[in-house]
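Read through the structure below, which is laid out as structure tokens, and then see the notes.
The values are calculated or read from the model by the stated rules, or taken from the named source; none is laboratory data. Every value quoted in this text rests on a predicted model; they were computed, and no experiment measured them. Using ideal geometry, Cβ is built from the backbone for each residue, glycine included, and neighbour counts are taken over all protein chains shown. What goes into the accessible areas is simple: the full protein's heavy atoms, side chains included, and nothing from ligands, DNA or RNA. Shrake-Rupley method; radii C 1.70, N 1.55, O 1.52, S 1.80 Å.
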Amino acid sequence: MEKTVLCGANAYEMKYYFNEQFNGIPESIREELHILCVLFTEEVGGVFTISFEEDGNVLLETNADDDDIYYDEISSGLMVSEVRRRRQELFESLSLYYRVFILKEDIAE
């Protein structure tokens with residue numbers, strides 16, 4: 001399944017990435033995504049990405065280097081669930097944005 005990365009943060013390199021293909025997303029939401037990604041990796045470490053699946057669904061993923069003894073897979077999984085629950089409205093809006101502006105869907109139906 002193809003996916004398109006929207007943004008992500010890497011605790012190892014202390015870097016944040018935002019896909020410029022999505023520069024049409026309002027600045028306030030881009031800032032919120034930046035904060036969300038960075039805080040996530042500060043909390044659990046590893047790499048955290050927010051992507052779009054082919055159909056526009058938002059995918060939250062976290063992973064770590066095999067030799068990272070500080071990364072807790074269970075905690076990171078719980079945190080992904082918590083972020084998804086707390087930011088549900090944000091992710092629904094992002095999915096709608098992707099379907100309208102990237103997939104060119106007619107959502108008026």
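Looking at the square roots a ≥ b ≥ c of the eigenvalues of the Cα gyration tensor of segment 1-54, which shape do they give, rounded for a/c under 1.5, prolate if a/b is larger than b/c, or oblate? Taking the square roots of the gyration eigenvalues as a ≥ b ≥ c, segment 1-54 is oblate. FRET efficiency for the pair GLU31 and SER75, taken as 1/(1 + (r/R0)^6) with r the Cβ-Cβ distance and R0 = 25 Å, rounds to 0.45. In this calculation the C-beta distance from GLU54 to ARG84 is compared with R0 = 22 Å, giving a FRET efficiency of 0.70.
Between LEU6 and ILE50, SER51, PHE52, the built amide H atoms are under 5 Å apart, and every one of these is 5 or more places off in sequence or on another chain.
Derived scalar couplings between HN and Hα for segment 11-28 equal 5, 6, 9, 6, 10, 10, 10, 10, 6, 5, 4, 10, 4, x, 5, x, 3, 4 Hz in order, rounded to whole Hz, by the Karplus curve 6.51 cos²θ - 1.76 cosθ + 1.60 (θ = phi - 60°), x for Gly and Pro.
Among the GluC sites (Glu not before Pro) in segment 1-72, those located in a DSSP loop and surrounded by at most 11 other Cβ atoms within 10 Å of their own Cβ are GLU2, GLU13, GLU54. A DSSP coil position with no more than 14 other Cβ atoms inside 10 Å describes the following chymotrypsin sites (Phe, Trp or Tyr not before Pro) in segment 1-108: TYR12, TYR70. The calculated 222 nm mean residue ellipticity attributable to helices in the chain amounts to -12500 deg cm²/dmol, summing -39500 (n - 2.57) over DSSP H runs of n ≥ 4 and dividing by all residues. For the chain, the solvent-accessible area works out to 65 Å² per residue, with a probe of 1.4 Å and every protein chain left in place. Counting only DSSP beta bridges whose two residues both lie in segment 2-63, roughly 100 percent are antiparallel. Put a plus charge on the Cβ of each Lys and Arg, a minus charge on the Cβ of each Asp and Glu, and nothing anywhere else: the dipole of segment 1-49 about its Cα centre is then about 120 debye. Sorting ILE74, ILE29 by accessible area puts them as ILE74, ILE29; the probe is 1.4 Å, largest comes first, and only protein heavy atoms count.
Overall, the chain carries a charge dipole of about 360 debye about its Cα centre when +1 sits on the Cβ of Lys and Arg and -1 on the Cβ of Asp and Glu, all other atoms neutral. Sequentially through segment 79-86, phi angles give Karplus couplings (6.51, -1.76, 1.60; θ = phi - 60°) of 5, 4, 4, 5, 4, 4, 5, 5 Hz, Gly and Pro residues having no value and appearing as x.
The calculated FRET efficiency for the pair ASP68 and GLU105, based on their C-beta separation and a Förster distance of 25 Å, comes to about 0.05. Only protein atoms count toward the accessible area here, which uses a 1.4 Å probe; on the chain, the carbon and sulfur part of that area reaches 49 percent.
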